[in-house]
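Here's the structure, in structure tokens; my notes come after.
The values are calculated or read from the model by the stated rules, or taken from the named source; none is laboratory data. Since we're looking at a predicted model, the values are computed, not measured. Please note: Cβ atoms are built from the backbone with ideal geometry, for glycine as well, and neighbour counts cover all protein chains shown. With ligands, DNA and RNA removed, areas are computed over all heavy atoms of the protein, side chains included. Shrake-Rupley method; radii C 1.70, N 1.55, O 1.52, S 1.80 Å.
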Amino acid sequence: MVAAGEIATRHVMVPLVSALADAVGDEHGGWVHWGATTQNIQQSGDTVGVRDAHRMLTERMTHVLAVLADLAEKHANTPMAGRTHGQHAVPITFGYKAAVWADIMLRHLDRMREIEPRLFVSMTGGAAGTFATFGDLGPAIQAGVAERIGLEPMLVPSRSIVDHFAEWVNLHAPIAATAQSIAEEVVRLMSAEFCEVEEALPATDVGSSTMPQKRNAKGAIAIITAAAQARALAPLAVEATIQAHEVDGARSAIMDRALEQSATLLDDILVQLRDVLAGLRVHPDRMKRNLDLTRGLINAEAVMMRLAVRIGRQEAHAVVHHAAAQSVETGMRFEEVLAEDPVVAGSLSPDEIHALLDPERHLGLSAKLASDTAERVRVALSERA
């Protein structure tokens with residue numbers, strides 16, 4: 001009956017109201033839907049669903065953070081090449097890289113918690129949100145409805161107020177972007193040229209129908225695909241906040257679509273990210289081998305700073321920069337070029353140069369930052385439990 005009524009009236013609520021009125025009988029049927037309007041019912045109900053989805057998404061984020069904490073701690077002392085602008089920079093550890101990801105995700109978790117008072121609100125203000133039918137009893141009725149469904153009442157229950165929904169969808173966008181950043185790094189580091197990490201793939205996995213050797217980062221690629229779609233919903237949600245008069249039905253429909261798709265996409269992204277990270281295979285030997293790709297140049301900063309103590313920072317930079325260029329042009333190891341440079345040789349002994357070019361001596365506080373972040377994540381997760 002309700003479905004048939006919806007087809008006839010082209011309205012989602014009127015047939016339901018009629019059915020409920022019939023169900024409760026003549027004595028009470030006239031009070032069904034008294035003083036409320038369709039959007040009051042739909043939006044409040046949708047917000048209950050948003051609340052449940054929000055809690056599920058935050059739980060997914062805690063799962064990702066737990067895995068990142070494990071990676072940061074386990075690989076706090078696993079040296080690898082740090083890269084900036086696609087080039088070797090200075091040595092870091094893989095645990096430090098995982099700690100960077102965890103630090104960002106922790107802030108996303110904080111943002112998800114901070115939005116909750118603004119997001120979990122219910123509206124029962126009537127046709128234009130003025131309590132015109134309820135009068136002075138309106139705020140109390142709205143508060144009662146909100147309490148029954150576990151929400152807070154809107155201070156101004158206007159149907160045109162949807163900025164809190166837009167905020168939620170726009171909060172999903174940077175979370176999806178962070179997930180994509182991690183996934184893209186997995187894809188890069190899994191390439192044959194790096195081979196520093198790889199997804200755990202079953203023996204039966206087939207990467208290509210024509211190239212039998214392919215081991216594609218399928219989980220990471222799925223994250224990248226979904227994250228692009230999730231970010232594209234952010235401007236759509238903002239568009240839906242542009243309301244005409246006291247409500248705009250077209251914009252309301254846009255917001256409904258953005259909410260549903262954003263939550264669904266982010267849930268898939270976070271599940272995939274947890275699985276990729278939990279099964280990640282890390283190859284310390286390959287990381288160590290790649291540290292020497294530039295024949296010692298990755299530790300140029302260490303040499304420069306030690307030399308700077310003796311000849312000044314600017315001159316040291318010029319000397320080491322010249323030596324680095326020679327190493328690249330001639331193919332000589334950086335240590336050999338430095339040993340032959342009269343300025344360097346006059347300030348640093350061969351043993352000092354050799355020690356300064358050991359990547360594991362120029363990791364800074366990578367291990368401490370990784371371990372401290374792992375502990376910070378675990379404390380945060382225990383407080384939320």
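The mean sequence distance of close C-alpha pairs (under 8 Å, at least 6 residues apart), as a share of the length of segment 1-107, puts its relative contact order at 16 percent. Of the residues Val247, Ile298, Asn216, the one whose Cα sits farthest towards the positive end of the charge dipole of the chain is Ile298 (charges of +1 on Lys and Arg Cβ, -1 on Asp and Glu Cβ, taken about the Cα centre). Rolling a 1.4 angstrom probe over the protein heavy atoms with all chains in place gives the chain an accessible area of 52 Å² per residue.
Measuring between their Cα centroids, segment 89-133 and segment 223-265 lie 17 Å from each other.
When the Cα positions of Thr133, Gln87, Val162 are compared along the charge dipole of segment 83-177, Gln87 comes out farthest toward the positive end, with charges on each C-beta of Lys, Arg, Asp and Glu. Using Cβ point charges alone (K and R +1, D and E -1), the dipole size of the chain about the Cα centre works out to roughly 540 debye. On the chain, 56 percent of the accessible area sits on carbon and sulfur atoms, based on a 1.4 Å probe.
Between the beta carbons of His322 and Lys288, assuming R0 = 25 Å, the FRET efficiency works out to 0.35 to the nearest 0.05. In the chain, the sites counted are chymotrypsin sites (Phe, Trp or Tyr not before Pro) in DSSP loop states with at most 16 other Cβ atoms within 10 Å, and the longest stretch holding none of them, exclusive of the sites, is 35-385. Highest GNM mean-square fluctuation, the chain, Cα pairs closer than 10 Å: which of Met305, Met154, Met56? Largest GNM mean-square fluctuation: Met305.
Here the extension length gained between Gln314 and Arg361 equals 14.6 nm, from 0.36 nm per residue of separation less the Cα-Cα distance. Antiparallel beta bridges, as assigned by DSSP with both residues in the chain, represent about 80 percent of the total such bridges. Residues whose amide H lies under 5 Å from that of Ala89, counting only those 5 or more places away or on a different chain, are Gly82, Arg83, Thr84; hydrogens are built 1.01 Å from N in the peptide plane. Only Lys, Arg, Asp and Glu carry charge here, each on its Cβ (+1 for the first two, -1 for the last two); on that basis segment 233-328 has a dipole of about 1040 debye about its Cα centre.
Taking one quarter of the surface of the C-alpha convex hull of segment 187-339 gives a mean projected area of 17.2 nm². For helix 38-74, what angle does its Cα long axis make with the longest principal axis of the chain, in degrees from 0 to 90 and rounded to 10? The helix 38-74 is inclined about 20 degrees to the chain.
Take the chain, mark every one of the trypsin sites (Lys or Arg not before Pro) that falls in a DSSP loop and has at most 11 other Cβ within 10 Å, then report the longest stretch left between them, sites excluded. With a cap of 11 other Cβ atoms within 10 Å, the longest stretch comes to 11-213. Placing a pseudo-label 7 Å from each Cα along the Cα-to-Cβ vector at Val156 and Arg118 gives an inter-label distance of 1.5 nm. If you model the chain as an ellipsoid using its alpha carbon gyration tensor, with each semi-axis the square root of five times an eigenvalue, the axes come out at 60, 22, 18 Å, biggest first. Summary value for the chain: 21 percent relative contact order, contacts being C-alpha pairs under 8 angstrom separated by 6+ residues.
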